[in-house]
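The values are calculated or read from the model by the stated rules, or taken from the named source; none is laboratory data. In this text, all values refer to a predicted model and were calculated from it rather than measured experimentally. All Cβ positions, even for glycine, are placed from backbone atoms using ideal geometry, and neighbour counts span all protein chains on display.
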Amino acid sequence: MKKYLNVFIVASILVSFEYYCLNFKPSLSILLFLQAKGYIQQTVKISADPGRVVSLWLGWIGLGAMIIMNVYSMRKRFAFMHGWGKLSNWLNFHVFCGLLGPMFILFHCNFKVHGLVAISFWSMVVSFSSGIIGRYFYVQLLKARVDLENEATQKLSRLDIAFQKNNIIVTDDEKRTYTNKALVFAGLPSEFENINPLTALASSMAGDFRRAFSQPDVPSAWPDISKYILSDYAVSQRRALLLESFQRLMGHWHTFHFPFAVFMYLVAIIHVATALILGI
């Protein structure tokens, strides 16, 4: 996913810079510079205004990205496509197109959203925003509960190996205390049985946010690697224990996400057909 994110950031910066220049600093525009050097025909009107060449190209690219992203859904549903790479890689591509498409379409209309386009645009915003959340749900459900529990046990066994290498003796009670603290740090609520799915989501995301900036506390005598071992263990264990909650959330999410996606495409088709027929 990181490589897709880098491409998206670079594309966003380039398009943002060019549109800023076309709107406020034409002398810095890359496209106008290329036109002055003869790489773009002089008859082509370079402008950020909707309906011009730049806008139309961005609109087509954005729409194309929004259409191509559905290959992920086809990969899930059609048996003959099941051998076409890992589903997780297709999901990353799906999310990438879901980010890139709306960004290009936003510049396509030069931030002037109104009328029928506004309905499609805001449906698109809701769709791609919920899609990012849906990816988080998907990551929590990548493995079965038994696999996650086995994974957590294997990760925790590395802690004993680290103690042995460093000749550290730790009691079972002390190990259990800091293991439980790591679970809380990673976002596992103390009362996780029959937990409200939204509470599970909030707690899980809070734990991942904490892990992005720090690691769970351990005694100073423990090796430094024990923090990371406990952190990895806690995430696997949390995902195993909250699996049912995320399965319920995934079902609710799909019910919410699908209608907005369908409506977005329907309105986009009407918009494109109207523009082509009326020449606007």
Is there a residue being of a type outside the set (Asp, Glu) and either closer than 16 Å to Val262 by Cα or surrounded by 17 or more Cβ atoms within 10 Å (Cβ to Cβ) (or both) anywhere in the stretch 77-88? no
Only residues that are hydroxyl-bearing (Ser, Thr, Tyr) and surrounded by 14 or more Cβ atoms within 10 Å (Cβ to Cβ): list them for the stretch 240-280, please. Ser245, Tyr265
Sort out which residues of the stretch 21-53 are among the β-branched types (Val, Ile, Thr) and modelled with pLDDT under 85, and write them in order of number. Ile40, Thr43, Val44, Ile46, Val53
Looking for something at pLDDT 80 or above and either on the phi > 0 side of the Ramachandran plot or not in a loop (DSSP other than H, G, I, E, B) (or both) - is there at least one such residue anywhere in the stretch 111-131? no
Cross-chain or 6+ apart pairs with Cβ under 6 Å, the stretch 250-261 first and touching a residue at least 12 places away in the same chain (Cβ under 8 Å) and closer than 11 Å to Gly134 by Cβ, then hydroxyl-bearing (Ser, Thr, Tyr) and buried (at least 16 other Cβ atoms within 10 Å of the Cβ): His257/Ser130; Ala261/Ser127
What is the number of the single condition among (1) surrounded by 14 or more Cβ atoms within 10 Å (Cβ to Cβ); (2) without any contact (Cβ under 8 Å) to a residue 12 or more places away in the chain; (3) of a type in the set (A, V, I, L, M) that Ala202 does not meet? (1)
Can you tell me how many residues within the stretch 152-178 are over 15 Å from Pro223 (Cα atoms) and touching an Asp or Glu at 6+ places or on another chain (Cβ under 8 Å)? 1
Among the residues of the stretch 41-92 satisfying the criterion of being under 21 Å from the mean Cα position of the chain (by Cα) and among the small types (Gly, Ala, Ser), which is farthest from Cys109 (Cα to Cα)? Gly85
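Could you pull out the residue among Gly59, Gly134 that is surrounded by 18 or more Cβ atoms within 10 Å (Cβ to Cβ), at pLDDT 80 or above and assigned by TED's automatic domain parsing to the domain that holds Tyr265? Quick ask: steps written out before the conclusion?
On the way: Gly134 fails: at pLDDT 80 or above.
None of the others qualify; the one that does is Gly59.
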Matching residues in the stretch 15-66 (part of a helix (DSSP H, G or I) and under 26 Å from Met264 (Cα atoms)) number 17
Going through the stretch 198-210 in order, the residues found to be modelled with pLDDT of 90 or more and either touching a helix residue (DSSP H, G or I) at 6+ places or on another chain (Cβ under 6 Å) or not hydrophobic (A, V, I, L, M, F, W, C) (or both) are Arg210
